[in-house]
Structure formats: structure tokens, C-alpha cells
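A short write-up of the structure that comes next.
Coordinate-derived values only; no laboratory data. Owing to the predicted nature of the structure, the values given are computational and were not obtained by experimental measurement. Note that we place each Cβ from the backbone using ideal geometry, even for glycine, and neighbour counts take in every protein chain shown.
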Amino acid sequence: MVPLSWYLALSAVLFTLGAVGVFLKRNIISMLLCLELMLNAANLAFIAFSSFFGQVEGQLFVFLVMTVAAAEAGVGLAIVIAVFRNRETLDVDESNLLKL
Amino acid sequence: MPLELLVEWTIKLLIGFVILMTTVAYLSLFERRMLGFMQMRQGPNRVGPFGLLQPVADGLKFIFKEDITPLAADKFLYVMAPALSLVPALMTFVLIPIGGEMKIPFIDRPIALHVTSVNVGVLAILAMTGMGVYGIVMAGYASNNKYSLMGGLRSSAQLVSYELAMSMSIVGVLLQAGSLDLVKIVANQGGWGGMQWHVFWFQPLGFIIFLISMVAETNRAPFDLPEAESELVAGFHTEYSSMKFAMFFIAEYANMVTASAMATVLFLGGWQGPGVAQLPLLGPFYFVAKMLFFLFLYIWLRASLPRLRYDQLMDFGWKFLLPLALINIVISATVAVVLL
Amino acid sequence: MTFEQILFILFAGIVVGGAASVLLQRNPLYSAFSLITTFVGLACLYVTLKAQFLGVVQIVVYAGAIMMLFVFVIMLLNIRDEDTAVDPNRFLVYLTIPLGAILLGALLYVVTKVNLAQPTGDEGGTVERIGTNLLTKYLLPFEATSVLILMAVVGALHLAKREKE
């Protein structure tokens with residue numbers, strides 16, 4: 001049997017990779033992708049705990065997180081399209097004015 | 001894991017694979033002959049008796065054609081794309097039950113005629129077919145060709161839109177069967193002497209929605225916009241030749257076979273039919289007959305209907321099929337509470 | 001090493017490899033495809049954790065729908081290799097690596113405090129169990145997400161719509 005700590009360690013590695021990615025990447029789409037990575041790291045931890053404690057709540061959380069992620073991706077990408085239309089670039093450092 | 005089970009799975013997988021590939025090969029011949037018949041011409045009839053060796057000749061031709069990679073293509077994605085569209089198309093068939101449990105000589109336990117059965121069967125099939133889109137999208141992007149890119153974009157939008165209507169039309173069946181397991185869904189349709197199919201017993205609307213979106217999901221006429229030859233040359237596979245093109249071709253036909261099998265299992269009772277309870281051997285024959293009916297329908301549609309315009313296709317999917325599917329869910333839920 | 005542990009290492013390799021590839025690729029489309037690999041690996045891990053339903057939903061929703069949206073937008077804007085390299089003038093960027101290491105260290109320290117080798121419950125995440133809980137005990141959050149989704153749909157439509165002159 002695989003111990004719980006293995007899953008949690010994997011989740012930690014995944015979360016760190018996502019966080020580092022958000023800091024390093026300058027392309028807004030790549031940053032959103034790294035954000036998804038962090039969400040998934042949390043999901044993995046939720047499911048691991050849920051499975052090891054035999055409770056279904058963790059999985060329900062993951063279900064809700066997935067819907068939130070879908071909403072986030074939809075709105076986020078709409079913003080990306082709006083920004084690209086006005087500035088013709090996806091570099092976040094270029095989008096440093098408050099008005100579009 | 002017991003060795004006996006592993007052997008059983010391997011044998012079933014091999015048999016399933018061989019049957020699927022043969023069906024795909026002969027489906028192409030069947031389609032060309034049927035189209036010829038409907039258009040008052042002969043169709044391929046030269047290679048072997050009635051043209052029966054035509055698929056072999058086609059296969060040989062595909063292998064010996066020159067394999068072209070465009071200079072400006074994204075090499076890695078260009079090679080990955082055909083594989084990514086073929087693998088999910090072949091994988092889905094493992095979950096389809098083509099018959100009930102059967103006694104086979106020299107084996108003391110009954111053998112079920114499906115490779116495996118999981119408790120999220122329907123969702124698993126939707127997941128696998130959903131992954132097939134990426135092959136088409138990748139091909140469109142990697143070819144570095146505007147026709148391919150347009151084809152890839154169109155196809156991704158079309159497949160995602162119609163996948164919604166398709167999954168919504170299945171919900172009615174799931175409500176009625178009370179399970180996502182394909183084996184249990186088939187078992188639920190065994191009443192009335194094997195004729196209590198979901199299409200009769202209150203899912204006719206769901207069946208029609210599924211049928212339309214299944215044709216759109218497999219990129220077939222009249223919804224074959226991703227490869228509309230009159231405007232996009234050949235869509236996403238414009239730049240592909242030789243075996244790479246053949247893989248797209250096989251994937252398309254394997255998807256047709258799987259979609260027909262899904263429609264059979266979900267709505268036409270799978271292997272159920274009159275007399276199956278007495279003679280289980282009839283089951284696979286019923287299954288194949290129903291599947292052939294759907295495959296014939298595909299060809300019939302292709303011969304009869306003109307291609308839709310892109311905006312018509314999107315309007316039809318989002319503004320007509322999806323609301324209809326939602327209404328079907330409400331009706332099914334009400335009827336299920338009242339009658340079941 | 002048991003069969004399950006070998007499976008875990010295989011899938012974890014896919015997950016970590018995909019995640020590292022998301023960071024290393026310059027082309028956003030390659031990043032997106034790497035992320036899909038990660039999601040498929042995660043779905044396999046969910047199945048090993050007896051959460052079959054969420055494993056499949058992970059592929060349908062994440063790999064199938066959300067990533068499709070990303071790929072679609074990347075193709076629509078037709079970005080090829082636009083991810084600029086790290087700007088050497090911004091010295092703060094170099095802090096990312098030590099900060100990441102500290103974060104990983106802190107997380108792993110917490111993980112070592114958890115020593116649970118065997119599952120205490122054996123019921124998996126069946127569709128029935130998740131459905132029943134979602135529609136009875138946790139009905140309010142479920143309905144709240146439906147409102148959220150509706151808001152996201154309206155918001156996305158409004159943001160991406162071309163303004164008429």
C-alpha cells in the first residue's frame with residue numbers, strides 16, 4: 001500500500017512547481033496554466049486525505065474546485081482576449097496601466 | 001493480480017482489436033459501394049470478388065506512398081497528432097459489452113463478452129472520445145497551413161459544442177437505468193421479452209438528440225465542416241500523407257464504430273432482443289445487426305444531405321439541441337419519479 | 001516494492017515530468033499540452049485512490065473542457081514562441097528559486113508529520129455516494145457553484161465581446 005505521505009509529497013512538489021511558474025513566466029496564458037497546476041496540487045491532497053480517512057467530503061471539495069477552475073479559466077481567457085485585442089501582446093509586464 | 005485474469009484480458013483485447021480493425025477496413029469498402037449504389041454507379045469492384053480485397057489494396061497503397069513533412073511544420077506535434085487521434089478511438093471499445101455472460105467449452109466459469117466493466121463506464125467513454133479532439137487540433141496547428149488551422153479550430157469548437165448536447169442526452173438514460181455502468185444499462189433494457197429498449201421506453205427524444213450529436217462528434221456529413229473539401233481543401237489533414245493520413249482515416253472510422261456501439265448500448269438495448277434469454281448466443285448477433293444499422297445510417301446521411309454552414313451548425317448545436325436535451329432531462333426526471 | 005507503489009511512481013513521474021515541462025516550454029501551446037499530460041497522470045492517481053468518478057471527471061472537465069479552452073485561445077491568437085525569456089535586469093526574479101525551495105521545504109516538513117500508512121476507511125468515491133452527499137447535505141454549496149458558473153458565463157461573454165462602434 002502506498003502511504004499517505006507519498007501523495008502529499010507529490011502534491012507539495014506540484015504546488016511548488018506551479019508557484020515558481022507563476023513567478024517566472026511572463027506570458028499571461030502560461031501564468032494561468034501554472035495557476036491550474038497549483039489548483040490540481042490542492043485537489044490531489046484533498047483526494048488523498050478523503051481516500052485515507054474514508055470520508056467523501058474531500059472529493060466533494062475537489063468537485064467544487066473543478067467548477068471554480070472552469071469559471072476561472074473562462075473569465076481569465078476572456079480577459080486575455082480583451083487585453084490582446086487592445087495591446088497586441090500577452091506579456092504581463094507590458095500591461096502595466098490601470099486603464100485598458 | 002491473478003494470471004488467469006491477465007490472460008483473459010489479453011485474449012479479449014486481441015480479439016476486440018482484430019474485430020475493430022477488420023470492421024473499419026470493410027466499413028470503408030461498404031461505404032464506397034453503398035455510395036456508388038445510391039449514386040447509380042459501380043463503386044470499387046475490381047480487386048477480388050465484389051471488390052472484397054479493396055481494403056488490402058488500400059492499405060498497401062497507404063504504406064508505400066511518400067511520407068511528406070512540410071518544412072515549416074512543428075515536427076514533434078506533426079508526428080504526435082495522428083497517434084493522439086487514433087489511440088483514444090481504439091481504446092473506447094474495451095468498455096462496450098457485445099454480449100451477456102456465456103459458457104465456453106473447457107472453461108468452468110462464465111465469460112463476459114466485454115473486456116472490462118467500470119462503475120463510471122459512460123463517463124469514461126466520454127472522457128476518452130474527448131481526448132481525441134487534441135489529435136485534430138494538434139494536426140491543425142502543427143501543419144502551419146491556414147486551411148489546416150481553420151479546420152482544427154472549427155473542429156475543436158464543433159466537437160466541444162456537440163459533446164455537451166451528447167452528454168446531456170445521455171443523462172435521461174442514466175436516470176432511468178440508475179447506473180453509469182454500461183453492463184447494467186444493457187441489463188436494464190431486458191424487459192418485454194428483450195424489447196424494453198430505452199428508445200421505446202421513454203427516451204425517444206434523447207435518442208434523436210444523441211443520434212444527431214453523434215454524427216457531429218465523428219465529423220461526418222452533414223457535419224463534416226472540419227474537412228469541408230470545397231472550402232478548406234481537406235481541413236486538418238491537408239498536409240498529411242501516407243500512413244499518417246491513414247491513421248486519421250482509421251481513427252474516423254473507429255470513432256464511427258464506437259459511436260454506433262454506444263448508441264446501440266444506450267438506446268437500442270445492446271445485445272438484448274427477443275429470444276436472448278433462451279439462447280445467449282443470439283446476443284452478439286443482435287448487437288452487430290443494430291450496429292450495422294447505425295453504420296448504414298451514417299452512409300445514408302452522407303449520400304443524402306448537403307453540408308451545413310458553420311454558423312448554422314453552431315446555432316443548431318447551442319440554440320436547438322442543447323435546450324432540447326435539457327427539456328429531455330426534466331421530462332425524464334419527472335417520469336422516472338412518477339413511474340419507476 | 002509492491003505493485004501499487006510501482007504504479008504510484010510511474011504516475012507520479014508522469015505528473016512531475018508534465019509539470020516541469022509546463023515551466024520549461026517557451027511556446028504556450030507546448031505548455032498547455034504538457035499540462036494535459038499532468039492532468040491525465042493525476043486522473044490515474046485518483047483512480048488508484050479509489051476516486052474513480054473524480055478521475056474520469058478530471059479528464060472530462062480539466063483535460064477535455066478547460067484545456068480545450070486554453071488551446072483554442074492560443075490557436076485563435078496564433079501565438080508562436082511569444083513567451084519572452086526571463087528579464088535579467090529584474091533581479092527579483094532570481095529570488096524565485098530560493099523562495100520556491102523554502103516553500104517546498106516547508107510543505108515537505110508538514111508532510112513528514114503525517115504518518116498514516118493504511119487507509120482508515122475503505123469506501124471509494126462511487127458516483128452514488130458523491131451524488132447523494134452533493135444533493136442533500138451539501139446542496140447549498142452546489143447551488144452556489146451553479147450561480148458562480150452562470151456569472152462566469154455572462155462575464156466571459158461580456159469581456160470577450162467586440163464593442164460595437
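How large is the dipole of the protein assembly as shown about the Cα centre if only Lys and Arg carry +1 and Asp and Glu carry -1, each at its Cβ, rounded to the nearest 20 debye?
Using Cβ point charges on Lys, Arg, Asp and Glu, the protein assembly as shown gives about 760 debye.
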Report summary line: Once normalised by the length of the stretch B:3-339, the mean sequence separation of its alpha carbon contacts under 8 Å that are 6 or more apart gives a contact order in percent of 23
Query raised in the report: Angle, helix B:204-217 long axis vs. longest principal axis of chain B, Cα atoms, 0 to 90°, nearest 10?
Result: 30
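What number, in percent, do you get for the relative contact order of chain A if the mean sequence gap of Cα pairs under 8 Å and at least 6 apart is divided by its residue count?
Numbers: 84 pairs, mean separation 27.5, N = 100.
Result for chain A is 27 percent.
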Report summary line: To the nearest 10 degrees, the tilt of helix B:282-304 (Cα long axis) against the first principal axis of the alpha carbons of chain B is 40
Query raised in the report: Cα axis of helix B:242-267 to longest principal axis of chain B: angle in degrees, 0 to 90, nearest 10?
Result: 20
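Does the stretch C:1-83 come out rounded, prolate or oblate by the C-alpha gyration tensor, with a ≥ b ≥ c the root eigenvalues, rounded set by a/c under 1.5 and, if not, prolate when a/b is larger than b/c and oblate if not? Display every interim value, and only then the final one.
Working: a/c = 5.61, a/b = 1.72, b/c = 3.26.
Verdict is oblate for the stretch C:1-83.
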Query - Between the stretch B:269-340 and the stretch B:70-118, the Cα center-to-center distance that results, in Å - result: 22
Report summary line: With label points set 7 Å from each Cα along the Cα-to-Cβ direction at B:Tyr26 and C:Leu108, the distance between them in nm comes to 5.9
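Going by the alpha-carbon gyration tensor, a ≥ b ≥ c the square roots of its eigenvalues, is the stretch B:60-183 rounded (a/c under 1.5) or, if a/c is not under 1.5, prolate (a/b greater than b/c) versus oblate? List each step's numbers first, then the result.
On the way: a/c = 3.98, a/b = 1.66, b/c = 2.40.
Oblate, because a/c is 1.5 or more while a/b does not exceed b/c.
Can you give the FRET efficiency to the nearest 0.05 for A:Val92 and A:Ala42, using r as the Cβ-Cβ distance and R₀ = 25 Å?
Values: r = 23 Å, r/R0 = 0.93.
Result of the calculation: an efficiency of 0.60.
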Requested in this report: Grab the DSSP H runs of the protein assembly as shown that are 4 residues or longer, score each as -39,500 (n - 2.57), total them, divide by all residues and round the 222 nm result to the nearest 500 deg cm²/dmol.
Outcome: -22500 deg cm²/dmol
Query - Most to least packed among B:69-79, B:178-188 [average Cβ atoms within 10 Å] - result: B:178-188, B:69-79
Query raised in the report: Spin-label point model (7 Å from Cα, Cβ direction): what's the B:Lys75 to B:Val337 distance in nm?
Result: 6.2
Requested in this report: Search the structure for amide H atoms under 5 Å from the amide H of B:Ala112, placed 1.01 Å from N in the peptide plane, and list their residues when 5 or more places away or on another chain.
Outcome: B:Met102
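Tell me whether the stretch A:4-87 comes out rounded, prolate or oblate; compute the Cα gyration tensor, take square roots of the eigenvalues as a ≥ b ≥ c, and use a/c under 1.5 as the rounded threshold. Intermediate values should be presented prior to the final figure.
Working: a/c = 6.95, a/b = 1.80, b/c = 3.86.
Note, shape of the stretch A:4-87 comes out oblate.
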Query raised in the report: From the phi of every residue in the stretch C:132-143, what ³J(HN,Hα) in whole Hz does the Karplus formula 6.51 cos²θ - 1.76 cosθ + 1.60 yield, where θ is phi - 60° and glycine or proline is x?
Result: 4, 5, 5, 9, 10, 5, 10, 5, 5, x, 4, 5
Query - Set B:Lys65/B:Lys146; C:Lys113/C:Lys137; B:Lys244/B:Lys319; B:Lys12/C:Lys50; B:Lys103/B:Lys290; B:Lys12/B:Lys75 screened for pairs whose C-alpha atoms are more than 28 Å apart - result: C:Lys113/C:Lys137; B:Lys244/B:Lys319; B:Lys12/B:Lys75
Query raised in the report: Over the stretch B:50-117, what relative contact order in percent results from Cα pairs under 8 Å that are six or more residues apart?
Result: 20
Report summary line: The alpha-carbon center of the stretch B:142-220 and that of the stretch A:37-100 are separated, in whole Å, by 29
Requested in this report: Could you compute the FRET efficiency for C:His158 and B:Met38, with r as their C-beta to C-beta distance and R0 at 51 Å, rounded to 0.05?
Outcome: 0.60
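Can you give the FRET efficiency to the nearest 0.05 for B:Leu53 and B:Ile19, using r as the Cβ-Cβ distance and R₀ = 22 Å?
Details: r = 19 Å, r/R0 = 0.86.
Calculated transfer efficiency: 0.70.
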**Report entry** Fraction of the pair-distance distribution of the protein assembly as shown above 34 Å, Cα-Cα pairs, percent
**Finding:** 46
Requested in this report: Name the residue farthest towards the positive end of the dipole of chain A from the options A:Asn96, A:Leu44, A:Met1, assuming +1 on Cβ of Lys and Arg, -1 on Cβ of Asp and Glu, about the Cα centre.
Outcome: A:Asn96
